[in-house]
Amino acid sequence: MGQHISNDDVSALDFVSEEYLRKLQLDRLQKIVKHTYDNVELFRTRMQERNLTPADIRTLKDIAKLPFTVKTDLRDTYPFGLFAVPLSEIVRFHASSGTTGKPIVVSYTQEDLNVWMEVLKRGFSGCGLTRDDIIQVSYGYGLFTGGLGAHYGAEALGAAVIPTGGGNTKRQIMLMRDFGATAICCTPSYFNFMIEQAEADGIDMHKLPLRAGIFGAEPWSDEMRKRIEAASGIKAYNIYGLSEIIGPGVAIECEHQSGMHIFEDHFYPEIIDPDTCEVLPEGEVGELVLTTLSKYAMPMIRYRTRDLTRIISEKCPCGRTIRRIDRISSRSDDMFIIRGVNVFPSQIETALLSVEGTTANYNIVLYTENGLDNIEVNVEINPALFSDKISEMEKLHSKLTRAIENVIGLRVRLNIVAPNSIQRSEGKAKRVTDNRIKA
Ligand code: ADP
Ligand code: ZN
């Protein structure tokens, strides 16, 4: 298997017959369950509590018998408690910040890194990239999986990498232009910032060789994609991943840009009801649960991602047999409840961007007033409109308030704020601040 990344026809793995794929998945599942059982105490104990042994996995459906793994398991066993190989076999660590307390640590053997490179290579070629491309990697390098992940994937493809990392935006744009970057990897919010910076520097992105953006690491809406594509002339592809599973490259769109093909020969997807934990029928929206079928340093069995999506089982026009998952609307953790109504930040983004004249610079503040929780939305509009007549601004204001109300069913306090007053992001954007007074 170690040689597969040098195979030029690696994307053929996306087109295998379903029968072959299911057999491969079962074979790999049985091996990884045994490997994890033999080497990870937490998993073995949970299996024993259920009277299960690896031999109980006879069909793919049997996966539903296995215990889930959750984020707190990674924290509780910090740093190395879920490793399933000796440290001598580990060649890389990454860590994700997490919002509270200890970070979570993940690790890779060389074979695991090869799998990661393989899926990214397959993914990049699915977006039409080849060894002739010049790929700028503007995800953060370091412990975050984004930078190094995309970097090695792009090299495995044979493309030329510009490893700019995040930040120093003016210089990024200069290098993008001078080196003739044809593709870029970063968060969608950071690319929005780049579009603004390019404009400010008098550089027309439409005239640059840049033609593709591989955007992920945070939720973004289809409206956002439309905005990005119109403002830059590139095609914007959605890429999904998380450190616990491998990093970016778990799933990515093909040239049809309609859902992300999940590399299910390596990452086995299930969708569950987050409350009952029952596996949902294919096509229903729920929490994505992933099992790593070929990652040996730190295998994840039935990892609850908290990310909400659905499996799209209809065939994609590209002919790939690996299935797709829908755009991740949100992490279930990002949802907030205001006066009994469930609200996702992505709904507010969609509403805002559906109105002409807004920009993608917005944030959401939750606050309490007279004992009631409320939502405040701050948004920047096109600077040219900002100085317009008061009456025009008022019209836009009520249009925006209505657009949001239509989507979430609540009236929000909306502020049109001055150009450049909202913090720009160089990585994952922080959209929501919660100032509510907890009763
Ligand atoms: P952290 O948990 O510290 O943010 P990760 O980089 O591992 O660290 O984040 C992974 C998470 O980022 C995913 O679980 C998901 O919530 C989010 N994410 C990644 N890619 C996308 C995407 N394309 N669309 C929506 N959310 C995404
Ligand atoms: Zn496709």
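The values are calculated or read from the model by the stated rules, or taken from the named source; none is laboratory data. None of these values were measured; they are calculated from a predicted model. Here Cβ is always computed from backbone atoms with ideal geometry, including for glycine, and neighbour counts include all displayed protein chains.
With the condition kept exactly as written, say whether any residue in the range 226-243 is outside any helix (DSSP H, G or I), buried (at least 22 other Cβ atoms within 10 Å of the Cβ), hydroxyl-bearing (Ser, Thr, Tyr) and away from ligand 2 (no atom under 16 Å from the Cβ).
Yes; the residues of the range 226-243 include at least one that is outside any helix (DSSP H, G or I), buried (at least 22 other Cβ atoms within 10 Å of the Cβ), hydroxyl-bearing (Ser, Thr, Tyr) and away from ligand 2 (no atom under 16 Å from the Cβ).
Which one is surrounded by the most Cβ atoms within 10 Å (Cβ to Cβ) among residues in the range 244-266 that are within 13 Å of ligand 2 (Cβ to nearest atom) and aliphatic (A, V, I, L, M)?
Per the criteria, the residue is Ala251.
Please give the helices (runs of 4 or more DSSP H) falling wholly within the range 306-424 in which 3 or more residues are among the acidic types (Asp, Glu) and outside the structural domain of Ser189 (by TED's automatic domain parsing).
In the range 306-424, 390-408 are the helices (runs of 4 or more DSSP H) which contain 3 or more residues that are among the acidic types (Asp, Glu) and outside the structural domain of Ser189 (by TED's automatic domain parsing).
Within the range 71-118, restricting attention to residues that are among the charged types (D, E, K, R) and assigned to a helix (DSSP H, G or I), which residue is nearest to ligand 1 (Cβ to nearest atom)? Write out each step before concluding.
We begin by selecting, within the range 71-118, every residue among the charged types (D, E, K, R); these are 71, 73, 75-76, 89, 92, 102, 111-112, 118.
Filter once more, keeping what is assigned to a helix (DSSP H, G or I): 71, 73, 75-76, 89, 111-112, 118.
Working: Lys71: 8, Asp73: 14, Arg75: 12, Asp76: 16, Glu89: 23, Glu111: 21, Asp112: 15, Glu118: 19 Å.
The selected residue is Lys71.
I'm trying to understand the selection: among the residues of the range 207-225, which are outside any helix (DSSP H, G or I) and either within 16 Å of ligand 1 (Cβ to nearest atom) or under 17 Å from Arg324 (Cα atoms) (or both)?
Answer for the range 207-225, where residues must be outside any helix (DSSP H, G or I) and either within 16 Å of ligand 1 (Cβ to nearest atom) or under 17 Å from Arg324 (Cα atoms) (or both): Ala212, Gly213, Ile214, Phe215, Gly216, Ala217, Glu218, Pro219, Trp220, Ser221.
Those residues that are more than 16 Å from ligand 1 (Cβ to nearest atom) and at pLDDT 95 or above, I need them from the range 305-319; list them, please.
Glu314, Lys315, Cys316, Pro317, Cys318, Gly319
Out of all the residues in the range 113-134, is one or more β-branched (Val, Ile, Thr) and within 16 Å of ligand 2 (Cβ to nearest atom)?
yes
Test Leu143 against the criterion of being at pLDDT 95 or above, under 19 Å from Arg211 (Cα atoms) and surrounded by fewer than 24 Cβ atoms within 10 Å (Cβ to Cβ), and give yes or no.
Taking the combined requirement at face value, the residue does not satisfy it.
Hey, can you tell me all the residues within the range 320-337 that are closer than 17 Å to Thr433 by Cα and either within 15 Å of ligand 1 (Cβ to nearest atom) or buried (at least 17 other Cβ atoms within 10 Å of the Cβ) (or both)?
Within the range 320-337, Ser330, Arg331, Ser332, Asp333, Asp334, Met335, Phe336 meet the criteria.
Of the residues that make up the range 169-190, is at least one within 16 Å of ligand 2 (Cβ to nearest atom) and either modelled with pLDDT under 95 or part of a strand (DSSP E or B) (or both)?
no
Can you pull out the residues in the range 166-180 that are crowded, with 21+ Cβ neighbours inside 10 Å and either aromatic (Phe, Trp, Tyr) or within 16 Å of Gly147 (Cα to Cα) (or both)?
Gly166, Gln172
Any residue at all in the range 395-412 that's within 27 Å of Leu288 (Cβ to Cβ), among the polar types (S, T, N, Q) and touching a strand residue (DSSP E or B) at 6+ places or on another chain (Cβ under 6 Å)?
Within the range 395-412 (the criterion being within 27 Å of Leu288 (Cβ to Cβ), among the polar types (S, T, N, Q) and touching a strand residue (DSSP E or B) at 6+ places or on another chain (Cβ under 6 Å)), the answer is no, since none of the residues qualifies.
With the structure loaded, tell me whether Ala384 is surrounded by 14 or more Cβ atoms within 10 Å (Cβ to Cβ) and more than 16 Å from ligand 2 (Cβ to nearest atom) or whether it fails that test.
no
May I ask you to verify whether Lys295 is within 16 Å of ligand 1 (Cβ to nearest atom), modelled with pLDDT of 95 or more and basic (Lys, Arg)?
Here the answer is yes, as Lys295 does meet what is asked.
Would you mention how many residues in the range 268-288 are surrounded by fewer than 24 Cβ atoms within 10 Å (Cβ to Cβ) and either assigned to a strand (DSSP E or B) or within 16 Å of ligand 2 (Cβ to nearest atom) (or both)?
8
Restricting attention to the range 82-100, does a residue exist that is under 20 Å from Ala156 (Cα atoms) and exposed (fewer than 13 other Cβ atoms within 10 Å of the Cβ)?
Among the residues of the range 82-100, not one is under 20 Å from Ala156 (Cα atoms) and exposed (fewer than 13 other Cβ atoms within 10 Å of the Cβ), which makes the answer no.
Which one of Arg46, Arg58, Arg22 is outside any helix (DSSP H, G or I) and in the same structural domain as Phe83 (by TED's automatic domain parsing)?
Arg58
Just checking, how many residues over the range 75-108 are of a type in the set (A, V, I, L, M, F, W, C), closer than 21 Å to Arg46 by Cβ and at pLDDT 95 or above?
7
I want to confirm something. Restricting to the range 353-381 and keeping residues that are closer than 14 Å to Thr433 by Cα and charged (D, E, K, R), which single residue is surrounded by the most Cβ atoms within 10 Å (Cβ to Cβ)?
Here the answer is Asp373.
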